[in-house]
Amino acid sequence: MKHVVSIAGTDPSGGAGAAADCKTFCAHGCYAMNVITAVVSQNTQGVRGYMNVTPEMIASQIDAVFEDIEVDAVKIGMVSVPETIRIIAGKLRQYKPSFVVVDPVMVATSGHRLLAEEAEQTLKEELIPLADVLTPNIPEAEVLTGRHIDDFASMEQAAKDIAALGAKAVLVKGGHRVEDATDILYDGEGFHYFKGRRVESTSTHGTGCSLSSAIASNLANGMNLADAVAVAKQYVFDGISHAEPIGKGHGPIHHFYSLYRKAGM
Ligand SMILES: Nc1ncnc2c1ncn2[C@@H]1O[C@H](COP(=O)(O)OP(=O)(O)O)[C@@H](O)[C@H]1O
Ligand SMILES: Cc1ncc(COP(=O)(O)O)c(N)n1
């Protein structure tokens, strides 16, 4: 069994952040671990507030994991502030995990900022160069490139520009597109299109967290990058399509659809 760790914020309502990451790792047959960067008060309706964990405590959690357990892949989500980013980047340089998937979480679906504006530059300088795969959604790719994105050509250009910041591969996600949910991967050499139908659903809380965690799990399990993304996208699609409505706002995806189906549940 491969061991995958998420470095992310929390969601007590279980749909996004560390909870979504953990469920996704388990759904992929991986051993799931969590380093917490921020305690977030949120639910399906939105974010109420958050408290950042101190850099010392984040470093200590990362050391606790890496000094004890072999890590096959790391997924990074909410990183809030420059100090958090710097401490994580330093630990990644120290421990050199085989796969680092970075979801550059900036703003929650509800509109609440989860990354301070002054941290955007630190993210670019410190964390993006350490990413094997970076998974911005369209608004995040717009912030990272300073350019408007409204079609496949501008998604491709953004992926290439972000790769120039040092990420080995960049997946620009299409969940915010109007026409469909096509994601585009630039792997440093060329583009791969992951075509996807848009599901009309309110069960989309944590889709980005789940996608990046599924990619990290698939890479840990030995898949090549293009297959890891394709299989992860199908996992999220199934999760949205078969989600039970939970909560009064944007509910979580169904993380265990294919396992439950196999078990006849
Ligand atoms: N309504 C939807 N129907 C189908 N796929 C979706 C939908 N919303 C998001 N996705 C997929 O979920 C993944 C996360 O995308 P996105 O919503 O853009 O990220 P984020 O959660 O970071 O905003 C992508 O693979 C995207 O294509
Ligand atoms: C702790 C945390 N991390 C990330 C997200 C973004 O979630 P989404 O995947 O819906 O953009 C979130 N709402 N909370």
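Rule-based calculations on the coordinates, nothing more; no lab input. The model shown is predicted, which means the values in this text are computed figures rather than measured ones. Here the Cβ is made from the backbone with ideal geometry for all residues, glycine too, and neighbour counts use every protein chain on show.
Here the Karplus relation 6.51 cos²θ - 1.76 cosθ + 1.60, evaluated at θ = phi - 60°, turns the backbone of the stretch 54-59 into coupling constants of 5, x, 4, 6, 5, 4 Hz, with x for every Gly and Pro.
The phi torsions of the stretch 38-49, fed into the Karplus equation with coefficients 6.51, -1.76 and 1.60 and a -60° offset, translate into couplings of 7, 8, 10, 8, 8, 8, 5, 9, x, 9, 9, x Hz, rounded to whole numbers, with Gly and Pro shown as x. Taking all C-alpha pairs of the stretch 138-233, those more than 23 Å from each other amount to 21 percent. Here the 3J(HN,Hα) profile of the stretch 19-36, calculated from phi with Karplus coefficients 6.51, -1.76 and 1.60 at θ = phi - 60°, is 5, 5, 4, 4, 4, 5, 4, 4, 5, 9, x, 9, 7, 9, 10, 10, 10, 9 Hz, Gly and Pro shown as x.
Close amide H pairs (under 5 Å, H built 1.01 Å from N) link Val53 with Ala38, Val39, residues at least 5 positions away or on another chain. Contact order, relative form, for the stretch 166-265: 21 percent (alpha carbon pairs under 8 Å, 6 or more residues apart, mean separation divided by residue count). Going by the alpha-carbon gyration tensor, a ≥ b ≥ c the square roots of its eigenvalues, is the chain rounded (a/c under 1.5) or, if a/c is not under 1.5, prolate (a/b greater than b/c) versus oblate? Rounded shape, in that the Cα axes give a/c under 1.5.
Checking the a/c ratio against 1.5 first, then a/b against b/c, what shape does the Cα gyration tensor give for the stretch 201-265? Cα axes put the stretch 201-265 in the oblate bin. For the peptides 152-160, 227-235, residues were scored by their other Cβ atoms within 10 Å and the scores averaged per peptide; the highest-first order is 227-235, 152-160. For the stretch 54-189, what is the relative contact order in percent, using Cα pairs closer than 8 Å and at least 6 residues apart in sequence? It comes to 19 percent, rounded to a whole number. The dipole here belongs to the stretch 3-249: it is taken about the Cα centre, uses +1 on the Cβ of Lys and Arg and -1 on the Cβ of Asp and Glu, and is about 300 debye. Measuring against 24 Å, Cα to Cα, the residue pairs Lys195/Lys248; Lys2/Lys168; Lys23/Lys173; Lys75/Lys168; Lys124/Lys248; Lys2/Lys91 contain Lys195/Lys248; Lys124/Lys248 as the ones spanning a longer distance.
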